[in-house]
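For reference, the structure is listed below as structure tokens.
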Amino acid sequence: MSFLRKDYSNEQQKKTLTPGQAKVKIAAFCAYQERSQQEVRDKLYDYGLYSDEVEELISAMITENFINEERFAQSYVRGKFNLKKWGKIKIEQGLKQHKLTPNCIRLGMREIDGDKYWESLLDLAEKKWQAVKENDPFKKKVKVHRYLLGRGFENDLVQAALEEIKKDV
């Protein structure tokens, strides 16, 4: 039995945009949600623009306040902490992947309230402790510990949270 192969020879190339067309599309892209400069830069390169055109459009987007990295960092931190329940380490790594400056990262991280952070960690730890079906308490603690570290919480806080939970159990 043989299979038909897809013919890629007539495949259309990606359509390149003029800088004017790209500006309209990228403005809509930035208006939809907060974007980092790196996201916008990657998108503009996907549109087939050259580096000087890309940098020119990015500076135009910054002056028109479509791109604001401090605002992006704050929005990113709020979303990842409140919605996804990520820890500070994982959030900071995500901000670094967006190539934000250390100052912007620091400003964004201020969005996390220390008390809410601790409550969130305890809540996640308790839920995971209940969910893990393990009879050996040491193995159970290791699984929960690994889970919380994977969520980006600091090792010392994770250990303190696990000690807090073990008191209640």
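Checking Asn65 against (1) of a type in the set (S, T, N, Q); (2) more than 19 Å from Gln37 (Cα to Cα); (3) open to solvent by 70 Å² or more (accessible area, probe 1.4 Å): exactly one of these is not met. Which one?
(2)
Conditions first: (1) part of a helix (DSSP H, G or I); (2) in contact with a helix residue (DSSP H, G or I) (Cβ under 9 Å, 6 or more places away or on another chain); (3) at pLDDT 95 or above. Arg146 passes all but one, so which condition is the exception?
(2)
Any chance you could count how many residues in the range 39-48 are touching a residue at least 12 places away in the same chain (Cβ under 8 Å) and either loosely packed, with under 15 Cβ neighbours inside 10 Å or of a type in the set (Val, Ile, Thr) (or both)? Break it down into steps so the answer makes sense when it comes.
Applying the first criterion (touching a residue at least 12 places away in the same chain (Cβ under 8 Å)) to the range 39-48 yields 39-41, 43-44, 46-48.
In the following step, the residues that additionally are either loosely packed, with under 15 Cβ neighbours inside 10 Å or of a type in the set (Val, Ile, Thr) (or both) were identified as 40, 46, 48.
Summing the residues that are touching a residue at least 12 places away in the same chain (Cβ under 8 Å) and either loosely packed, with under 15 Cβ neighbours inside 10 Å or of a type in the set (Val, Ile, Thr) (or both) in the range 39-48 gives 3.
Can you tell me how many residues in the range 151-169 are part of a helix (DSSP H, G or I), open to solvent by 50 Å² or more (accessible area, probe 1.4 Å) and either more than 10 Å from Leu121 (Cβ to Cβ) or without any contact (Cβ under 8 Å) to a residue 24 or more places away in the chain (or both)?
So the answer is 7.
Please go through the range 49-62 and pick out each residue that is open to solvent by less than 40 Å² (accessible area, probe 1.4 Å) and part of a helix (DSSP H, G or I).
Scanning the range 49-62 gives Val54, Leu57, Ile58, Ala60, Met61.
Pairs please, first residue from the range 102-113 and farther than 11 Å from Lys88 by Cβ and among the aliphatic types (A, V, I, L, M), second anywhere and part of a helix (DSSP H, G or I) and open to solvent by 40 Å² or more (accessible area, probe 1.4 Å), Cβ atoms under 8 Å, 6+ apart in sequence or on different chains.
Final answer for the pair search is Leu107/Glu70; Leu107/Gln74.
Listed here are the residues, each with its yes/no results for (1) farther than 30 Å from Ser120 by Cα; (2) touching a Gly at 6+ places or on another chain (Cβ under 7 Å); (3) at pLDDT below 95.
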position: Asp52; (1), (2), (3): yes, no, yes
position: Thr63; (1), (2), (3): yes, no, no
position: Phe72; (1), (2), (3): no, no, no
position: Lys80; (1), (2), (3): no, yes, no
position: Lys84; (1), (2), (3): no, no, no
position: Lys88; (1), (2), (3): no, yes, no
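The values are calculated or read from the model by the stated rules, or taken from the named source; none is laboratory data. Only a predicted model underlies this, so the values are computations on that prediction, with no experimental measurement involved. Backbone-built Cβ (ideal geometry, glycine too); neighbour counts: all protein chains shown. For the accessible areas, the whole protein counts, side chains as well, though only heavy atoms, and no ligand, DNA or RNA atoms are used. Shrake-Rupley method; radii C 1.70, N 1.55, O 1.52, S 1.80 Å.
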